[in-house]
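Comments concern the structure below.
The values are calculated or read from the model by the stated rules, or taken from the named source; none is laboratory data. Just so you know, these numbers come straight off a predicted model, no measurement behind them. Note that each Cβ is placed from the backbone with ideal geometry, even for glycine, and that neighbours are counted across all protein chains shown. Surface areas here come from the heavy atoms of the whole protein model, side chains and all, with no ligands, DNA or RNA. Shrake-Rupley method; radii C 1.70, N 1.55, O 1.52, S 1.80 Å.
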Amino acid sequence: MNEASESAQPPLRNGNTGGDEPAVRFDATVQPGPTIRDLEGVADLDLDRIPDPEGEVRVLVTPDECRRLLESGYEVRLHAVVPVRPLPAELVARDDAVMAWLEEHVQGIERAGGA
């Protein structure tokens, strides 16, 4: 690492210097690197984790987050480009539908305070 990369850096979430959200993220796995053997530190980086069938540390990351992981000593393997776009309206649940679902699933569960 060079001296500039060892200086204090902003948190990963604020690493995008353009101020706008990135147009793309990457489906990636994080591996131990030459200087970091423990992957537990990845959990402290506030990255978007996704399930991985092989149990690897799989994340959705911006280009800046990839750079920061590499500068921190991890190896990052990119698997796919994931465009950033609004969630389709049909996938967004309405509040009343969510409350009805929740009430159905907690029915019969005793609540603290007898409520």
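Hey, could you check region 29-57 for residues that are in contact with a strand residue (DSSP E or B) (Cβ under 6 Å, 6 or more places away or on another chain) and over 21 Å from V81 (Cα atoms) and say which is modelled with the highest pLDDT?
Here is the first cut: in region 29-57, the ones in contact with a strand residue (DSSP E or B) (Cβ under 6 Å, 6 or more places away or on another chain) are 29-31, 33, 39, 42, 47-50, 52, 56-57.
When the remaining residues are screened for being over 21 Å from V81 (Cα atoms), the result is 33, 39.
Working: G33: 89, L39: 86.
My answer is G33.
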Within region 80-95, identify whether any single residue is open to solvent by less than 100 Å² (accessible area, probe 1.4 Å), over 25 Å from D27 (Cβ atoms) and either at pLDDT 90 or above or charged (D, E, K, R) (or both), and answer yes or no.
no
Reported set for region 51-77 where residues are within 18 Å of G41 (Cα to Cα) and either part of a helix (DSSP H, G or I) or of a type in the set (G, A, S) (or both) is G55, D64, E65, C66, R67, R68, L69, L70, E71, S72, G73
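Can you find a residue in region 37-49 that is among the β-branched types (V, I, T), part of a helix (DSSP H, G or I) and surrounded by 11 or more Cβ atoms within 10 Å (Cβ to Cβ)?
Step one: list which residues in region 37-49 are among the β-branched types (V, I, T), which gives 42.
Now drop any that are not part of a helix (DSSP H, G or I), which leaves 42.
This time we only want the ones that are surrounded by 11 or more Cβ atoms within 10 Å (Cβ to Cβ), so: 42.
There is at least one residue in region 37-49 that is among the β-branched types (V, I, T), part of a helix (DSSP H, G or I) and surrounded by 11 or more Cβ atoms within 10 Å (Cβ to Cβ).
Looking for something in a strand (DSSP E or B), touching a helix residue (DSSP H, G or I) at 6+ places or on another chain (Cβ under 9 Å) and of a type in the set (V, I, T) - is there at least one such residue anywhere in region 78-94?
From region 78-94, those in a strand (DSSP E or B) are 78-83; that's our starting set.
Now restrict to residues that are touching a helix residue (DSSP H, G or I) at 6+ places or on another chain (Cβ under 9 Å): 78.
Cutting the leftovers down to of a type in the set (V, I, T) gives us none.
Checking region 78-94: not a single residue is in a strand (DSSP E or B), touching a helix residue (DSSP H, G or I) at 6+ places or on another chain (Cβ under 9 Å) and of a type in the set (V, I, T).
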Could you go through region 60-67 and let me know if any residue there is more than 16 Å from P22 (Cβ to Cβ) and open to solvent by 60 Å² or more (accessible area, probe 1.4 Å).
no
